[in-house]
Each structure stands twice: as structure tokens, then as C-alpha cells.
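One structure is given here, and the rest of the page talks about it.
The values are calculated or read from the model by the stated rules, or taken from the named source; none is laboratory data. Not measured: the values here are computed from a predicted model. Please note: Cβ atoms are built from the backbone with ideal geometry, for glycine as well, and neighbour counts cover all protein chains shown.
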């Protein structure tokens, strides 16, 4: 078995190279994609700054930077930095990552440059196919065995009936055996042209092609009756929805609408005024904090830490380290004037977060609805594939539908490009309404479901 690893991914889609609006949070003079950038230049252009879903970025291990539908850089994610409501991703580039140069696995028609997903990856595989000489030796042995095979000779009984003779035999029809074996192999591969793809212009290929058409008939579809292996259809619902429907774009629009609602709510509900419950200190330099109110006591890290929640200990240490070293986007820190004032401020701030969270939760509900709709669509496609298989004349082998998790995830190399599998998949897609065909918009369906 092949080890597989699911990796949560953030994908950033870069536009063309252009001057960076100034001042740039990361100190860049240009943004966007351009050829011949160094690894670090490309990483800096891709990692920020974006309006991203923090919980998705926090869960992700891999950042993909794409341009023109192709992955141009990848790297690990270690955290984020905050810049006026947006984030820049911290981490390290990996210029040797195997996805670089491949098609963007999260490509869609959305104008939103940020996308999230889970990729199922496998280590680089060592091809374990046997040497062709060994395969040929086996084929020669089988063909030799077939050529030596004997069949009973028919004779006429005293009663005038033709019956197999009890002892006399004749050679088996070796030519028929060879023709049927070639037809079965070509059918398992998905067609005569595919079977002869190794050297299609050779005289051997021409002779074998003539033999196969003489065996199966003039219609290529007549080949399927000779198939002995199941038809394996890889059903990658995400890829189908992305490339053949407008559903992803609809959901991106819905997500942007909710993001706008959150932003409006944050502006309309700014929360309690820190100055009313304590002292605000502006970060004016490395380990330099200046009180906004001249009556405030001198800054004390010990006092500030005493008001921080234990569950945020890691963030507390990180903020202190960043402010002390000057590597921070924090503009100010707050110390309550008393434990009671701090408790009241936290209560009011928590209530505000609860109000905002009720809106933010719509993003999770929206994603859960999308996954349900994708799953329903996938199940309907699977049923439609089975129905389409019933219309293939003389197909005697089963059709196996395997759900893929990302574009290009294949478990059988021989299944890629199988014309019959593609024919069944295309027929199923044409016959099955997609999530883009559901009534209303995703937000309207979410609201209706919430009722």
C-alpha cells in the first residue's frame, strides 16, 4: 500500500507584476508574478498581505503560490502577522516541492486570490513494473501453452449425431486465441489506439490494427465486449465542480458577502473604549511603550502579563518578544486600571466577540452546506455513471467508481485517459444537475435552511 498524507493548504493566486501600493506592509516595491524572480522574491510577493480566514491559515501546513493556473512556489507555514485587518503568512519557501510546475490543484474561476483546501499527497513512487523481457517471456509461455492445447475431434456416432471423440483430438484454434487475447488486452487498455501508442506508425502496429478490426468489426465500440478488467472511473468532485460548473464562483461570492458583513459589524460595533478602563501605551520602538495619557503609570511588562489569560500564554510570550525586538505589527498595548476594570472590559469585549462570532459562524455553516451539496452531487454522479454503463453495448465487466480528493490523484496509472471511463463520466456530468443549478444563491439556501 502507498502511504498517503492529507495536508491542509492555503493557495495564493498572483496577478501580473506591478508596483506595490505604498506604504507596503512588507516593504516591497513590486508585487505580483514575474518570471526570473528569485525564490525569496517570489515568496515575499506571495505570502502577503491578504484578507484571509485566520482559522483556515492556522490549520494549514502548506502555502501554494500560483500564477496562470500553475504552482510557481510552495513552502511551509509557521504562523501569520497582522497588518490592518489583513495577514501575511510566515514560513519558509521550498523550491524543490513536487507541486511546483504542476497545475494549481485549487484553481477555480473566483476572483478571490485566496483559496483553501486539503490535498491528499503520496510520496514519489518507485515504478515497480517488471522488465519487459520478463513480461515477454510470460507471454511466450502462455501463447506456447495455447498453441499446444488440443481440442476433441468431432465424429459421427452410429446414430448420426456429431459428438466429441473420446480419444482423438485436433490442435486448438491458436489464431483465434491470439486474436481474442489481443482484443481483450486492447479493450482493457481503453482502445486500439491506446494499445498501439508505443509506436503507432510501425508496420507491426499496422498489422495488429488490421487484425484487431478484423476480429472486433468496424465499430470501435464493439471492442468493449472483449474487456476483462473493470472500468475504473475516478470521480473527483472538486475538480468537476471547478472546471465544469459555476458553483465555486457562487460560493466565493457568498463568502465575500459574509466577510463584508463581518467588516461592517466590526466598524459598527467597535467594542469598549480601552481608555475608559485603563491605560493605553503606544509602541514607539523596540521595547519602548509610551502612555497615551500622561497620568498613566510607567509601562510594566510584569503588570501587563498579570492581566493576560493563561490560555493565551503562547501569544503573550510572542507579543512580548516581538515588541521587545521591534519585529511586530502591534501599535499599542493595554493595561487595565484595576482587576475590576479589567474584568468589566473583558466582559464587554467578550460580548462583542460573541456578537461578531454569530456572523463569522455563517462562514463555517456555508462551508458545511457546500460540502453537503458537493457530497450529494458526487453520489448523484456515481449513480449516473452506473446508469450510463448500462447503455454501453455488450459491456460485461463491472464499473468501479472511486472518489478522488484532488485533481491528479490516481490509484491506477492505466486508468488515466481510459476513453470508456471518460465517456461514462462525461455522460454522467451531462445528465446530472450540479450544485450551480440549485435554486437560489448559496446564501439564500443557507438562510432557508437556518429557518
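Just one residue in the set 427, 436 is crowded, with 16+ Cβ neighbours inside 10 Å, assigned to a helix (DSSP H, G or I), at pLDDT 90 or above and more than 23 Å from the chain's Cα centre (by Cα); that residue is 427.
Identification of helices (runs of 4 or more DSSP H) wholly contained in segment 234-328 with 2 or more residues that are closer than 30 Å to residue 112 by Cα yields 237-244, 247-268. Filtering segment 54-75 to residues that are touching a residue at least 12 places away in the same chain (Cβ under 8 Å), over 18 Å from residue 14 (Cα atoms) and surrounded by fewer than 19 Cβ atoms within 10 Å (Cβ to Cβ) leaves 54, 56, 58, 59, 61. One residue stands out in segment 11-61 among those that are in a strand (DSSP E or B) and closer than 16 Å to residue 77 by Cβ: the one that is nearest to the chain's Cα centre (by Cα), namely 11. Do the conditions hold for residue 371, that is, is it surrounded by fewer than 19 Cβ atoms within 10 Å (Cβ to Cβ) and touching a residue at least 12 places away in the same chain (Cβ under 8 Å)? No.
Here is a check on your reading of the model: is residue 344 in contact (Cβ under 8 Å) with a residue 12 or more places away in the chain, surrounded by 13 or more Cβ atoms within 10 Å (Cβ to Cβ) and either within 39 Å of the chain's Cα centre (by Cα) or closer than 29 Å to residue 49 by Cα (or both)? Spelling it out, it is not the case that residue 344 is in contact (Cβ under 8 Å) with a residue 12 or more places away in the chain, surrounded by 13 or more Cβ atoms within 10 Å (Cβ to Cβ) and either within 39 Å of the chain's Cα centre (by Cα) or closer than 29 Å to residue 49 by Cα (or both). Tallying residues that are without any contact (Cβ under 8 Å) to a residue 40 or more places away in the chain and over 23 Å from residue 338 (Cα atoms) within segment 262-314 yields 6.
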